[in-house]
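Q: Below is one structure. I have some questions about it.
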Amino acid sequence: MSHVLIVDDEPAICWAFKECLSDEGFTVDIAGTAELAIDAALKLTPDVVVMDVRLPGMDGISALRILQERLGSVPVIIMTAFGSLSTAVKAIDGGAFDYLVKPIDLEKAIAVVRQAASSSQQASEIATPESDDELIVGNSPAMQEVFRRIALVAERDVPVLITGESGTGKDLVARAIHQHSHLKGSFVPICIPALSESVVESELFGHLRGAFTGADQERCGLLELANNGTAFIDEIGDVPLNLQVKLLRALETREVRPVGSGTCRTASFRLVAATNRQLEERVASGDFRNDLFFRLNVFRIELPPLRNRTEDIPLLAQRFLIHATRQQHSLHISNEAMSELVQRPWFGNVRELRNVIESATVVCRGDVIRPEHLPSPVAALNESGAASKPRAIADVIGEWTEQQLSGSDADIDNLYDRFLQAAEPGLLLTALKHTQGHRGSAAKLLGIHRETLRDKLRRIGDEPASEV
């Protein structure tokens with residue numbers, strides 16, 4: 001029977017933990033302060049310690065170090081209601097087994113305690129000093145999970161794939177991973193879309209003098225410059241297919257071969273790659289090698305779009321305001337303007353928010369940023385970066401009608417029937433999909449009789465053999 005020590009000054013949390021863990025067969029003791037936990041550590045000899053960060057007197061991070069001196073390899077799980085990247089990193093840095101954020105998901109917490117109790121080893125240490133100017137911030141559960149994953153992987157010598165929409169901060173996550181690692185080398189960012197296809201190989205792997213026309217001198221590649229450091233390849237999905245196998249070989253052998261050279265050079269770099277594309281789809285279409293994808297996808301960090309973590313917008317907005325107005329400390333954002341910021345769709349994500357705040361500080365001539373100082377929202381962008389304006393259905397139908405009338409078919413008397421044949425299947429099938437195939441619900445949604453829907457589906461060849 002495993003023994004768990006709960007260290008928290010909130011009686012309700014202690015009670016909930018004790019009830020749930022006792023039901024799971026654990027013996028539970030409780031300490032209200034870090035000092036009491038330290039004093040009782042040798043006497044209680046717990047198998048697992050679950051400890052809050054903010055405690056009266058000594059904080060949990062400071063107590064973690066002392067508990068480890070007294071308890072040796074006993075796993076310590078840190079929990080906090082005030083999560084940040086630096087807290088997560090300091091917890092893992094101090095040798096914490098895991099990091100939980102309040103309000104606690106008891107099922108998840110019990111699973112972590114169970115793992116800790118059965119483990120004889122602590123998580124790897126990440127000895128990195130806290131930065132005074134954190135690169136990324138957020139209090140939302142989604143960002144807390146991002147912080148946790150950064151802390152867990154920072155010191156692991158494995159490739160990391162960062163995915164997410166454009167503007168979510170993938171480059172900042174990459175820098176944070178490097179910052180909180182033990183790597184002595186440089187952080188070398190490589191933006192593939194910024195390189196023309198003809199020079200990508202030379203930029204990545206370097207070249208010898210005379211290797212091609214214009215190669216007047218030998219050049220060291222970016223991957224070699226990242227030796228003993230981190231190579232961050234932004235938009236990894238844009239690496240030309242013919243170079244992907246060479247990149248894979250560099251990852252596997254930790255060597256690169258410059259263009260025009262018959263020998264390899266050492267390039268022991270840690271690769272962090274980022275993309276806003278679905279690499280799985282590019283693998284399926286043959287535009288991305290599956291062996292390279294599997295090598296990159298060892299540890300994945302998915303960044304949430306800003307619209308899915310709106311609770312972080314006030315924190316981010318205040319941060320950007322401070323950075324944009326270092327000489328105007330009295331400038332602040334009104335409640336109405338903040339409400340407007342929270343309600344926007346943010347297709348450009350955090351990058352767009354930062355631009356909006358910077359613009360507002362220029363337009364605002366007083367001490368308060370109001371809604372009228374905010375630039376207009378940006379529309380969703382298509383793959384080419386152009387604004388995608390929503391098209392009215394009447395415009396689409398009008399274009400279709402013009403195409404039909406301009407065709408060579410002289411018989412246009414049945415234009416209405418043609419329209420129904422073209423438009424009705426999409427309407428019916430989408431409604432059916434929305435109701436998960438339930439035709440009665442779909443008929444009600446469409447405002448037609450169930451038998452009418454069945455007849456229409458039969459005519460378009462989509463009527464199933466059996467009823468739903």
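Q: Only one residue in Ser198, Ser186, Ser181 is more than 23 Å from the chain's Cα centre (by Cα) and at pLDDT 85 or above. Which one? Write out each step before concluding.
A: Details: Ser198 fails: at pLDDT 85 or above; Ser181 fails: more than 23 Å from the chain's Cα centre (by Cα).
Result of the check over Ser198, Ser186, Ser181: Ser186.
Q: Now a separate question. Find the residue count for region 435-451, including only residues that are within 23 Å of Ile397 (Cα to Cα) and loosely packed, with under 14 Cβ neighbours inside 10 Å. It would help to see each step written out before you state the result.
A: Narrowing region 435-451 to residues within 23 Å of Ile397 (Cα to Cα): 445-448.
From what's left, loosely packed, with under 14 Cβ neighbours inside 10 Å: 447.
Final tally of qualifying residues: 1.
Q: Given the residues Arg149, Arg156, Arg175, which is the only one that is open to solvent by 60 Å² or more (accessible area, probe 1.4 Å), modelled with pLDDT of 85 or more and not in a helix (DSSP H, G or I)?
A: Arg156
Q: If I go through region 23-43 residue by residue, how many of them are in contact (Cβ under 8 Å) with a residue 40 or more places away in the chain and surrounded by fewer than 16 Cβ atoms within 10 Å (Cβ to Cβ)?
A: Final tally of qualifying residues: 1.
Q: Here is a follow-up. Which pairs do you get when a residue that is open to solvent by 10 Å² or more (accessible area, probe 1.4 Å), found in region 271-282, comes within reach of a residue that is small (Gly, Ala, Ser), reach meaning Cβ atoms under 9 angstrom, with the pair 6+ apart or on two chains?
A: Asn276/Gly164; Asn276/Ser166; Asn276/Gly167; Asn276/Gly237; Arg277/Gly237; Gln278/Gly237; Arg282/Gly237
Q: Applying the selection to region 307-334, what residues are farther than 17 Å from Val137 by Cα and either at pLDDT 90 or above or surrounded by 14 or more Cβ atoms within 10 Å (Cβ to Cβ) (or both)?
A: Thr325, Leu331, His332, Ile333, Ser334
Q: Conditions: (1) surrounded by 18 or more Cβ atoms within 10 Å (Cβ to Cβ); (2) farther than 30 Å from Glu252 by Cβ. Ile301 meets all but one. Number of the miss?
A: (2)
Q: Does at least one position in region 210-220 carry a residue that is under 27 Å from the mean Cα position of the chain (by Cα) and of a type in the set (Phe, Trp, Tyr)?
A: No, region 210-220 contains no residue that is under 27 Å from the mean Cα position of the chain (by Cα) and of a type in the set (Phe, Trp, Tyr).
Q: Exactly one condition in (1) modelled with pLDDT of 90 or more; (2) among the hydrophobic types (A, V, I, L, M, F, W, C); (3) surrounded by 15 or more Cβ atoms within 10 Å (Cβ to Cβ); (4) farther than 23 Å from Phe147 by Cβ is not met by Cys20; state its number.
A: Going through (1) modelled with pLDDT of 90 or more; (2) among the hydrophobic types (A, V, I, L, M, F, W, C); (3) surrounded by 15 or more Cβ atoms within 10 Å (Cβ to Cβ); (4) farther than 23 Å from Phe147 by Cβ one by one, Cys20 breaks only (1).
Q: Further, regarding this structure: Can you name every one of the helices (runs of 4 or more DSSP H) wholly within region 11-104 that holds 1 or more residues which are farther than 28 Å from Asp312 by Cβ and not acidic (Asp, Glu)?
A: 11-23, 34-44, 60-71
Q: Right, here's the next one. Show the residue pairs that are 6+ apart or on different chains and have beta-carbon atoms under 6 Å apart, the first residue being within region 434-453 and closer than 14 Å to Glu424 by Cα, the second being open to solvent by less than 60 Å² (accessible area, probe 1.4 Å) and in a loop (DSSP other than H, G, I, E, B).
A: Ala442/Thr435
Q: Would it be correct to say that Glu352 is closer than 24 Å to Thr163 by Cα, modelled with pLDDT of 90 or more and part of a helix (DSSP H, G or I)?
A: yes
Q: Follow-up question, since we're still on this one. Just to verify a result, which residue in region 1-58, among those that are polar (S, T, N, Q) and closer than 15 Å to Arg114 by Cβ, is farthest from the chain's Cα centre (by Cα)?
A: For region 1-58, the residue satisfying everything is Thr27.
Q: For region 345-356, which residues satisfy the criterion of being of a type outside the set (Gly, Ala, Ser), open to solvent by less than 60 Å² (accessible area, probe 1.4 Å) and within 20 Å of the chain's Cα centre (by Cα)?
A: Pro345, Trp346, Asn349, Val350, Glu352, Leu353
Q: Something else now. I'd like the full set of residues that are touching a helix residue (DSSP H, G or I) at 6+ places or on another chain (Cβ under 8 Å) and of a type outside the set (A, V, I, L, M, F, W, C), limited to region 172-203. Working first, answer last.
A: Going through region 172-203, the residues touching a helix residue (DSSP H, G or I) at 6+ places or on another chain (Cβ under 8 Å) turn out to be 173, 176-177, 180, 186-190, 192-193, 195, 200-201, 203.
Matches in region 172-203: His180, Ser186, Pro189, Pro193, Glu201, Glu203.
Q: Search region 416-434 for residues being touching a Leu at 6+ places or on another chain (Cβ under 9 Å) and exposed (fewer than 14 other Cβ atoms within 10 Å of the Cβ), and hand back the single one that is modelled with the highest pLDDT.
A: Checked region 416-434; the qualifying residue modelled with the highest pLDDT is Leu427.
The values are calculated or read from the model by the stated rules, or taken from the named source; none is laboratory data. Predicted model, so just to flag it, every value in this text is computed and none were measured. Because the Cβ atoms are built from the backbone with ideal geometry, glycine has one as well, and the counts that use them run over all protein chains shown. We work out accessible area using only protein heavy atoms, side chains counted, and drop any ligands, DNA or RNA first. Shrake-Rupley method; radii C 1.70, N 1.55, O 1.52, S 1.80 Å.
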